[in-house]
Structures are given as structure tokens and as C-alpha cells.
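Some notes on the structure that comes next.
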Amino acid sequence: MPGFEFFGEEERKEVNEVLETGILMRYGFDAARKGRWKAKELETEINKTFGSKYAQLTSSGTSALTTALSVLGVGYGDEVIMPCFTFVASFEAVLSVGAIPVLVDIDKTLTLHPAAVKAAITPRTKCIMPVHMCGSMADLDALKQICADHQLLLLEDACQSIGATYKGQYLGTIGDAGTYSFDFVKTITCAEGGVVMTNSEDIYTKCDGFTDHGHDHLGIDRGADLHPFIGYNYRISELHAAVGLAQIRKLHTFLAIQKKTHAALKAILSAIPEVSFREIPDENGDSCSFISWFLPTEEQTKAVIAELKAQGILAGNFYWFDNNWHYIRKWHHLKKATTLNALNDLQREALLKLDTQDFSATDAIMNCCVSTSISLAWTDEQIKDKGDKLAAAIRKAIG
Ligand SMILES: Cc1ncc(COP(=O)(O)O)c(C=O)c1O
């Protein structure tokens, strides 16, 4: 997925423009910055590129989620339904606002199973948070319907799916709010950064204040700003925004490369009858940053992983079932409610229950699933070589 493979003159130019003025902060210092407002420019570019009405940059994808949850009014006692296959940041954000992460099964879309979401709704449920994992999307029509039926908020964690669409709309712009991460391994990167996108002026205005200590940003004297509510510092710097600005202009090039490589790998893997692929609710909208595939059994999948390892070609092929960051099976710190400061009682009780919750339906999907990440830098020869080697290893391992 990484845009860092395509760094060049464009990123250097944008960063140098910031360094020339020395104004590294996104707010204030109006005269000294000589008209250079990289964060503001990037927010405008995000709205233009993805079709959102409003965008608020943040210091990371995690702080974008925290901001969105807070601004949507999610807090103490509220439950947020989210998938058990995601990145730890998704539940960290929920916990950080005092709310309760309710982890439920996924289906072969590799994200929220709508029936599992419905079954998890309680009077405390406030928000559904699909996580569009590995470049592709959740079944958003089904989730939107559940939200409408139960008056719930929809917050899209689209941190891993920049550039993916669902029925013509970019992921992250469909719910009440949505987030992207621009961390180092994302489709476009600025080292550390994130964004909250929304079509609501009210949500946006609150995000704008929340990420900067509650400043109302109404005057030109920062010291005289009022603070209509308490906020925090989740600001992005001008340096980071400058890199993001160069990267977003390359997004469509990145996506075109990913789609071409994905098609080539899929053609090679499709020739193996035992291989099946992730279900994608809108195939045209896949950002193709990964190709996720399944084998019929856990035993066969583990044999393939062992074979890839033995041949020294495992890198870039992710067996999430055994991964410490992405799947509940290894989130022992979460299931034991191990925190440095005290959780509230409702959070603690809910986390401890996760330890005995039955995730066998998801285990049966994850233990047969491998996601192969797609590099922007591969030549056509390398794509064919990698695909052929992967296919040969699969055939050898499954016999
Ligand atoms: C699904 C998901 N959500 C949130 C995040 C957090 O983003 P960041 O690393 O920018 O804090 C990530 C990062 O990998 C992610 O994969």
C-alpha cells in the first residue's frame, strides 16, 4: 500500500516551501508564513479528491478516530460495534473516549457481518464502526439500513482503504463521519497524519476546535480565541501536511498501478482451483492495495505459510490469524483489560467478557485467509515472478 515508494521532487518542493518560511505550525503567524497554508490546502484537496464537504486533518488516524467519536458525542456508557479483525487503533480510540468497544464477527468481506452487528445491538449501542480492511469495503448498504432502523451513528474507519469506493462514493465519506490514516505504510503517507471527513458543517466545526484545544478559530488573534468546549492537541504540522499534499496528487497513479498488479496476481492465483477470494461488495471500488485469498482448510493455509517461509518469500503475505496487531485472538492485553490508568467499570466488565466470547465463526474465516500486499514498485516481470512463485508454493504445499 505504501506511497512512500514514490517519494520524489514533489514532496521535497512542498516541504521546502514550509522550511523557507520556518512556520511549521498550521495556525497563526499569518504575516511570516507568506501565504503558505499547507494543512488548509491539503484539506481542500481532500474534499476535491474524495467528494467530502469538509475535512479536518489530525496528527494520526488514531486521533482522527478519537476526534470523530468525541465530536459525534460517543462517550461514557456508549457501545460502539466494530469488527474483531481490525487494527488495535480502532478499539483504542473507542476506549480513549470512555466508550465500550463491542467486537463482533466478520464475514468473507473481511469486515463487519451485518447479522452479527444486528445481534449485538443493545439499548447502549450508539455507533456502528465498520473498518474497511485491506483496501476494500464493508457491506455499507446493509450497515446503513441497520443504522437507520435503530437510529445509530455510522463512523467509517477507512484508514486502510484510501481511494476505495462503494457504489461511486469514496469510503470514509458515506457515514456520519469517516477517517483515513496517512501513516508511513498507507496508500498515501505523510509519515504521521490522519483526517476526519464529513458532510456536516456542525461535525466539522467541532472537529476543527476539538483537535486544537477547543479553539473557536474565529479571530486572527490565537490568544483571544474562545473555547466553547474542551479539546486536545491532535494537530497536524505543516511539514507533514506538505508531504501529504504532494502525495494526494499522485493517488490516482498509485491506484491505477495497484489495480493492474491486483488483476495480474488474481489471474495467476485463479488458476488454482482450491484458491477463492475475498468477497467484495462493490468489485469496481476495490483500491487493490491487497489481494486477499482463502484456501479450503486451516491445515492447508498453514502449510502454505510454512512453505513461503521456507522459500524466503513470506514477506508481504499476511496470515492475520497469527498476527499480534490485527485479530482478536492475540489481543491478550485487550481481553485482560490491561491498561496503565483505570478504565471505567463498564469498559472493564465488557473487555473481560471478550476473553470467553465465541469468535469461532471468524476463526474459521481468518485461519484460511492470506492477504498479499501490493507494492507500487514492482515491474511487470517482478509481478509475474512473484505471482508464479506464490502459486508454485501453494500447489506444492497443498499437494
Ligand atoms: C484500520 C486502522 N485504523 C486506524 C489506524 C490508525 O492509524 P495511525 O497509524 O495513523 O494512527 C490504522 C493504522 O494502521 C488502521 O489500520
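The values are calculated or read from the model by the stated rules, or taken from the named source; none is laboratory data. Fair warning: this is a prediction, and the values are worked out from it, not measured in the lab. Cβ sites come from the backbone with ideal geometry, for glycine too, and all protein chains shown count toward neighbours.
State whether one or more residues within the range 295-316 are modelled with pLDDT of 95 or more, buried (at least 21 other Cβ atoms within 10 Å of the Cβ) and not in a helix (DSSP H, G or I).
There is at least one residue in the range 295-316 that is modelled with pLDDT of 95 or more, buried (at least 21 other Cβ atoms within 10 Å of the Cβ) and not in a helix (DSSP H, G or I).
Among the hydrophobic types (A, V, I, L, M, F, W, C) and within 12 Å of the ligand (Cβ to nearest atom) - does that describe any residue in the range 225-243?
Checking the range 225-243: at least one residue is among the hydrophobic types (A, V, I, L, M, F, W, C) and within 12 Å of the ligand (Cβ to nearest atom).
I'd like the full set of residues that are within 23 Å of residue 338 (Cβ to Cβ), within 12 Å of the ligand (Cβ to nearest atom) and not hydrophobic (A, V, I, L, M, F, W, C), limited to the range 64-95.
66, 83, 86, 90, 92
Does residue 103 meet the test of being crowded, with 24+ Cβ neighbours inside 10 Å, more than 12 Å from the ligand (Cβ to nearest atom) and assigned to a strand (DSSP E or B)?
On the way: crowded, with 24+ Cβ neighbours inside 10 Å: yes; more than 12 Å from the ligand (Cβ to nearest atom): yes; assigned to a strand (DSSP E or B): yes.
Here the answer is yes, as residue 103 does meet what is asked.
Being closer than 25 Å to residue 186 by Cα, assigned to a loop (DSSP other than H, G, I, E, B) and touching a Ser or Thr at 6+ places or on another chain (Cβ under 9 Å) narrows it down to one of 287, 292, so name that one.
On the way: 292 fails: assigned to a loop (DSSP other than H, G, I, E, B).
After ruling out the rest, the residue left standing is 287.
Of the conditions (1) more than 25 Å from the chain's Cα centre (by Cα); (2) part of a helix (DSSP H, G or I), residue 48 clears all except one; give me its number.
Here residue 48 clears every test but (1).
Can you tell me which condition residue 184 does not meet? The list is (1) of a type outside the set (D, E, K, R); (2) modelled with pLDDT of 95 or more; (3) not in a loop (DSSP other than H, G, I, E, B), and all the others hold.
(3)
May I ask you to list the residues in the range 178-210 that are of a type in the set (Asp, Glu) and near the ligand (Cβ under 9 Å from one of its atoms)? It would help to see each step written out before you state the result.
Just the residues of the range 178-210 that are of a type in the set (Asp, Glu), to begin with: 183, 192, 201-202, 208.
Within the range 178-210, 183, 192 qualify.
Looking only at the range 324-361, filter to residues that are surrounded by 15 or more Cβ atoms within 10 Å (Cβ to Cβ) and within 16 Å of the ligand (Cβ to nearest atom); which one of those is farthest from residue 91 (Cα to Cα)?
330
Tell me the residue from 125, 109 that is crowded, with 22+ Cβ neighbours inside 10 Å and not hydrophobic (A, V, I, L, M, F, W, C), please. Outline the logic, then answer.
On the way: 125 fails: crowded, with 22+ Cβ neighbours inside 10 Å.
Answer to the selection: 109.
Conditions: (1) over 21 Å from residue 365 (Cβ atoms); (2) touching a His at 6+ places or on another chain (Cβ under 6 Å). Residue 163 meets all but one. Number of the miss?
All conditions are met except number (2).
Does residue 54 satisfy the criteria of being buried (at least 20 other Cβ atoms within 10 Å of the Cβ), in contact (Cβ under 8 Å) with a residue 60 or more places away in the chain and among the aromatic types (Phe, Trp, Tyr)? First the steps, then the outcome.
On the way: buried (at least 20 other Cβ atoms within 10 Å of the Cβ): yes; in contact (Cβ under 8 Å) with a residue 60 or more places away in the chain: yes; among the aromatic types (Phe, Trp, Tyr): yes.
For residue 54, the condition - buried (at least 20 other Cβ atoms within 10 Å of the Cβ), in contact (Cβ under 8 Å) with a residue 60 or more places away in the chain and among the aromatic types (Phe, Trp, Tyr) - is met.
When you scan the range 130-177, how many residues do you find that are assigned to a loop (DSSP other than H, G, I, E, B), within 16 Å of the ligand (Cβ to nearest atom) and in contact (Cβ under 8 Å) with a residue 60 or more places away in the chain?
11
Of the residues that make up the range 30-41, is at least one more than 16 Å from the ligand (Cβ to nearest atom), surrounded by fewer than 16 Cβ atoms within 10 Å (Cβ to Cβ) and among the aliphatic types (A, V, I, L, M)?
yes
Just checking, does the range 13-27 include any residue being among the β-branched types (Val, Ile, Thr), loosely packed, with under 14 Cβ neighbours inside 10 Å and away from the ligand (no atom under 16 Å from the Cβ)? Walk me through it before giving the result.
Restricting attention to the range 13-27, the residues satisfying the condition of being among the β-branched types (Val, Ile, Thr) are 15, 18, 21, 23.
Next cut, loosely packed, with under 14 Cβ neighbours inside 10 Å only: none.
Within the range 13-27 (the criterion being among the β-branched types (Val, Ile, Thr), loosely packed, with under 14 Cβ neighbours inside 10 Å and away from the ligand (no atom under 16 Å from the Cβ)), the answer is no, since none of the residues qualifies.
If you check residue 64 against the conditions, is it part of a helix (DSSP H, G or I), free of Cβ contacts under 8 Å to residues at least 60 places away in the same chain and either crowded, with 24+ Cβ neighbours inside 10 Å or touching a Leu at 6+ places or on another chain (Cβ under 7 Å) (or both)?
Numbers: part of a helix (DSSP H, G or I): yes; free of Cβ contacts under 8 Å to residues at least 60 places away in the same chain: no; either crowded, with 24+ Cβ neighbours inside 10 Å or touching a Leu at 6+ places or on another chain (Cβ under 7 Å) (or both): yes.
No.
Name every residue in the range 295-326 that is under 23 Å from residue 185 (Cα atoms) and over 19 Å from the mean Cα position of the chain (by Cα), in order of residue number.
Once the filter is applied, which keeps residues that are under 23 Å from residue 185 (Cα atoms) and over 19 Å from the mean Cα position of the chain (by Cα), the range 295-326 yields 305, 308, 309, 312, 313, 314, 315, 322.
Between residues in the range 322-334 that are touching a residue at least 12 places away in the same chain (Cβ under 8 Å) and within 11 Å of residue 86 (Cα to Cα) and residues that are among the hydroxyl-bearing types (Ser, Thr, Tyr) and within 13 Å of the ligand (Cβ to nearest atom), which pairs lie under 7 Å by C-beta distance while being six or more apart or on different chains?
Within 7 Å, the pairs are 326/86.
Among the residues of the range 1-12, which ones are under 30 Å from residue 372 (Cβ atoms), surrounded by fewer than 14 Cβ atoms within 10 Å (Cβ to Cβ) and over 20 Å from the mean Cα position of the chain (by Cα)?
Quick first cut of the range 1-12, residues under 30 Å from residue 372 (Cβ atoms) only: 1-8, 10-11.
From the residues that got through so far, the ones that are surrounded by fewer than 14 Cβ atoms within 10 Å (Cβ to Cβ) too are 5, 8.
Passing the criteria: only 8.
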